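The values are calculated or read from the model by the stated rules, or taken from the named source; none is laboratory data. From a predicted model like this one, the values you see are computed outputs, not experimental measurements. In this analysis, Cβ positions are derived from the backbone assuming ideal geometry, glycine residues included, and neighbour counts consider all displayed protein chains. To get the accessible areas, we keep the full protein, side chains included, count just its heavy atoms, and leave off ligands, DNA and RNA. Shrake-Rupley method; radii C 1.70, N 1.55, O 1.52, S 1.80 Å.
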Amino acid sequence: MAYWVGEAFVRDFIVGDRLCKVCETKKGLATSDNNRFLKLWFEVCLDSIGFNVKSNSETVNNGYKWYPHHKGGEYRRWYGNQEYVINWKSDGYEIKNYRDASGKLLSRPQNTQYNFSKALTWSKITSSIFSARFSENRFLFDDAAAICYHKNEDELLWTLGFLNSKCCQNILNVLNLTINIQIGDIGNLPILHDETRKDIVTNIVEENIALSKTDWDSFETSWDFNGCPLI
């Protein structure tokens, strides 16, 4: 019970839409053995990574074993934390058939229909303030990196602007004071729409994504690194 919040705060929950009604908020897959199925991108042969694959069906016979994978990570807003690849060869055959000696399935290949979709993602566990990021349509998603999906990219950008706002952080401070942000907490956030400001907000969000991407790619830990910007 948050008895100290003001009337404007309560009003947002009355007139706003729950985010899970506007977008689809889901958990990513769980391999049950990350040491086996996940690698940092520079730990495997670069030619074995399918950087530009756009669907699960493309992975069946294209010869690639590894694919870009979101796995949470440290505090970072707008773009980044793109460090891991996952073994999704032949539409994730090994992960989908990872069983113990008795035949029990150990992995949880859930919500894989969102693989390779433009989406928003965030780290489930954070010791800092909440941070959400834009994901291009070439990634899979981990259980530690939740998914927010909408077929309309403008709606995604509007939502990303909200998730990275002070307003959103204030609401999360009421809904969940722990370091573990659950998918339900994000789905329950009240989001309001203002068509008169939509273009302004989405333009700012696009600019922030571009700036954050430039920053991310300026370090050798990015697979899109081309050279030191200072040089």
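Please work out the Kirkwood hydrodynamic radius for region 41-103, using every pair of different C-alpha atoms, and report it in angstroms with one decimal place. Kindly include the intermediate steps, with their values, before the conclusion.
Details: mean 1/r = 0.0763 Å⁻¹.
Value: 13.1 Å, from the Cα pair sum.
Is region 56-186 rounded, prolate or oblate when judged by the Cα gyration tensor, a ≥ b ≥ c being the square roots of its eigenvalues, rounded requiring a/c under 1.5 and prolate requiring a/b larger than b/c? The shape class here is prolate. Separation of region 204-231 and region 1-73 by C-alpha centroid, Å? The distance from the Cα centre of region 204-231 to that of region 1-73 comes to 21 Å. A 1.4 Å probe run over region 24-79, with the rest of the protein chains in place, finds 52 Å² accessible per residue. With a cut-off of 12 Å on the backbone N, the residues of region 16-35 near the modelled label site 7 Å out from N176 along Cα-Cβ are 26-27. Under a Gaussian network description of the chain, with springs only between Cα atoms under 10 Å, the residue in L120, L211, L177 that fluctuates furthest is L177. Mean residue ellipticity, 222 nm, helices only, the chain: the sum of -39500 (n - 2.57) across DSSP H runs of n ≥ 4, divided by residue count and rounded to 500, is -8500 deg cm²/dmol.
What the pair-distance distribution of the chain shows, using all Cα-Cα distances binned every 10 Å from zero, is 7, 31, 34, 20, 8, 1 percent. Comparing C23, C45, C148 in a Gaussian network model of the chain (Cα springs below 10 Å), the most mobile by mean-square fluctuation is C45. Only protein atoms count toward the accessible area here, which uses a 1.4 Å probe; on the chain, the carbon and sulfur part of that area reaches 50 percent. By a 1.4 Å probe calculation restricted to protein chains, R18 has an accessible surface near 110 Å², given to the nearest 10.
Across all Cα atoms of region 12-53, the radius of gyration (one decimal) and Dmax (whole number) stand at 18.3, 52 Å.
Counting only complete DSSP H runs, which helices of the chain cover 20 Å or more along their long axis at the Cα atoms and score a mean Kyte-Doolittle of -0.5 or above? Could you put the intermediate results ahead of the total?
On the way: long enough: 198-216 (27 Å, -0.23).
Long hydrophobic helices here: 198-216.
Dipole magnitude for region 6-54: computed about the Cα centre from +1 point charges on Lys and Arg Cβ and -1 point charges on Asp and Glu Cβ, it is near 140 debye.
The Cα trace of region 93-147 gives Rg and Dmax of 14.1, 43 Å, the first to one decimal, the second as a whole number. Residue pairs exceeding 26 angstrom between C-alpha atoms, taken from K166/K213; K21/K104; K21/K96; K124/K213; K27/K198: K21/K104; K21/K96; K27/K198. Bridging of K89 to lysines at a Cα separation below 19 Å is possible for K39, K54, K65, K71, once same-chain residues fewer than 8 apart are set aside.
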